[in-house]
Amino acid sequence: MSVTSTMQVAVSEAFARRDRAARALVEDSGRIARACQDMAVRFRHGGKLIVFGNGGGGTDAAHIAVEFMHPVLVGKRALPAIALSNDAATVSGVGNREGLAETFAHQVHRWADPADMALGISRDGRCENVLRGLEMAKALGLFTFALTGGDGGPLARSPAADHVLTVASDDPAVVKEIHVTAYHVLWELVHVFYEQPGPPGAGTPGGTSGEAAR
């Protein structure tokens, strides 16, 4: 079967949608760098990363946790991370008794220490349990970070996240793919800042810039 010009245009546009979304993240490079630096500081002070999301966001949470716990690059330091979506018994038990909105907040409350970090993933920023998880984390003094898409939804507008990274696309496939790229960059830069810390006293847990970082 011959390839028509219409097919070629469709393929070009499919890649162009991804390229536009990825390039838009370059405009957030400063915020991404600050988030990675904040996370590296917390890891150096004994903090762990707590990650959560629903559906595909849940598999992303597991992916992120294993990247930190078992780095694919030989010689990179393993850093403590846990994905709250992995425990089906706890998720379903909390959901049954307390409601689905509390599935992550309940676990954050039990797992978290003040030096920890919480990363919530929601394709459109409208997952109530992800927002509640970040709200709980914020109340406990954790560093909080959100990955969203589209217009960011309530999650991007909430003060629950110190840093918000929103993929400017309404295509769920594009959002998913750029999220994967974003957290691979996150992993890479956290290690850069971890291995090359600034001068003494340059950063301490709790030193995030809050609204200014958003």
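The values are calculated or read from the model by the stated rules, or taken from the named source; none is laboratory data. Fair warning: this is a prediction, and the values are worked out from it, not measured in the lab. Glycine also receives a Cβ, built like all others from the backbone with ideal geometry; neighbour counts cover every protein chain displayed.
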>> I'd like to verify a number: residues in segment 50-75 that are in contact with a Gly (Cβ under 9 Å, 6 or more places away or on another chain) and outside any helix (DSSP H, G or I), how many?
In response: 4
> From the list Leu119, Leu140, Leu134, which residue is at pLDDT 95 or above, in contact with a Ser or Thr (Cβ under 6 Å, 6 or more places away or on another chain) and not small (Gly, Ala, Ser)?
Replying inline: Leu134
> Quick check: anything in segment 173-185 touching a residue at least 60 places away in the same chain (Cβ under 8 Å) and in contact with a Gly (Cβ under 7 Å, 6 or more places away or on another chain)?
Replying inline: yes
> Among the candidates Ala78, Ala89, which residue alone is outside any helix (DSSP H, G or I), at pLDDT 95 or above and loosely packed, with under 12 Cβ neighbours inside 10 Å?
Replying inline: Ala78
> Would you call Arg97 surrounded by fewer than 21 Cβ atoms within 10 Å (Cβ to Cβ) and not in a loop (DSSP other than H, G, I, E, B)?
Replying inline: yes
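Condition check ((1) touching a His at 6+ places or on another chain (Cβ under 7 Å); (2) more than 26 Å from Phe193 (Cα to Cα); (3) among the polar types (S, T, N, Q)) across all residues:
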residue: Ser85; (1), (2), (3): no, yes, yes
residue: Val94; (1), (2), (3): yes, yes, no
residue: Arg97; (1), (2), (3): no, yes, no
residue: Glu102; (1), (2), (3): no, yes, no
>> Name the single residue that is nearest to the chain's Cα centre (by Cα) among those in segment 41-93 being polar (S, T, N, Q) and over 20 Å from Gly125 (Cβ atoms).
In response: Asn86
